[in-house]
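What follows is one structure encoded as structure tokens, with my remarks underneath.
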């Protein structure tokens, strides 16, 4: 639905004196409000990257964990053995390389003295280069084996809450097996689908707002997907939120307000309305007297803590109304 939001609208310039208000049409921002859902920017499921049996699970659902905290430990007997073997191969390669480099240094001096043939020196040089390459290959095996050992420790990629535990202690897992799911409450965003007819207005990304818990929040970065859904023909919009003190959680429904330009409208303080059942009226100054007049009202918004009510019919700009309808009513009844 298309609704105006009172953002930064001041009525101080409309005051004629302490008890009356001179109405002036205001340029009020107009918004199209759609349902949006809150989701976590960082949310995912961690899977096993190596084979093994789960020896210990340190967290459960709803637990808060810090980044890099150990979540699950796999038995690493096989991986540790592979690492030891790789380190032994590296030590052998280093020893062979040391011998090859020493032989190359001696043969280089002999070639310079003319006591060694060039072909023999070339063979020694090739052996030295092969020994260096073997050391690099052994180092790569050690890195690979070290990675396999690290894969046995499932650690949190970011601080957040454990959403689901998908395995139990003693269970055997293989690469690709889902282990644990979680999300972070630090960075949230709202996602909504905007009808195609409002696509031209979505370029005004600086004026998008989000309504939640009776508050209007200005989001951070707003991303409009540059294509429409082939089934619904709507455009997806994603707005990053500063969640500091907003009490927002993934899965909540909020309102995303798409700017639709401005329209002129009349607003009066809620205190100026006299309500009788479904009827609303205000006191209008006419010939020095306060005359009661029925009005049709629209949306109510809060501006700097003061409720302001849209007047759809019954008043026009330039008219003077009483700001406190019930005070006027009390005065008239007292006479």
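The values are calculated or read from the model by the stated rules, or taken from the named source; none is laboratory data. All figures in this text were calculated on a predicted structure; none of them were measured in a lab. Cβ coordinates were reconstructed from backbone atoms using ideal geometry, including for glycine residues, and neighbour counts include every protein chain displayed.
Does residue 275 satisfy being surrounded by 13 or more Cβ atoms within 10 Å (Cβ to Cβ), part of a strand (DSSP E or B), in the same structural domain as residue 28 (by TED's automatic domain parsing) and out of contact with any helix residue (DSSP H, G or I) (no Cβ under 7 Å at 6 or more places or on another chain)? When the stated conditions are applied, residue 275 does not pass them.
Each row is one residue, and each column tells you yes or no for (1) loosely packed, with under 15 Cβ neighbours inside 10 Å; (2) at pLDDT below 75; (3) not assigned by TED's automatic domain parsing to the domain that holds residue 329.
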{"site": "20", "(1), (2), (3)": "no, no, no"}
{"site": "25", "(1), (2), (3)": "yes, no, no"}
{"site": "57", "(1), (2), (3)": "no, no, yes"}
{"site": "60", "(1), (2), (3)": "yes, no, yes"}
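Just for the stretch 36-55: of the residues that are over 29 Å from the mean Cα position of the chain (by Cα) and part of a strand (DSSP E or B), which one is modelled with the lowest pLDDT? If we take residues in the stretch 36-55 being over 29 Å from the mean Cα position of the chain (by Cα) and part of a strand (DSSP E or B), then 52 is modelled with the lowest pLDDT. Tell me whether the stretch 237-251 contains one or more residues that are at pLDDT below 80, touching a helix residue (DSSP H, G or I) at 6+ places or on another chain (Cβ under 9 Å) and in a strand (DSSP E or B). No, because not a single residue in the stretch 237-251 is at pLDDT below 80, touching a helix residue (DSSP H, G or I) at 6+ places or on another chain (Cβ under 9 Å) and in a strand (DSSP E or B). Among the residues of the stretch 216-236, those that are within 16 Å of residue 34 (Cα to Cα) and in a loop (DSSP other than H, G, I, E, B) comprise 218, 219, 232, 233, 234. No other residue among 104, 90, 70 is surrounded by 12 or more Cβ atoms within 10 Å (Cβ to Cβ), within 30 Å of residue 170 (Cα to Cα) and either within 60 Å of the chain's Cα centre (by Cα) or touching a residue at least 24 places away in the same chain (Cβ under 8 Å) (or both) apart from 70. Within the set 210, 191, 149, 135, the sole residue that is within 17 Å of residue 50 (Cβ to Cβ) and either in contact with a helix residue (DSSP H, G or I) (Cβ under 7 Å, 6 or more places away or on another chain) or modelled with pLDDT of 85 or more (or both) turns out to be 149.
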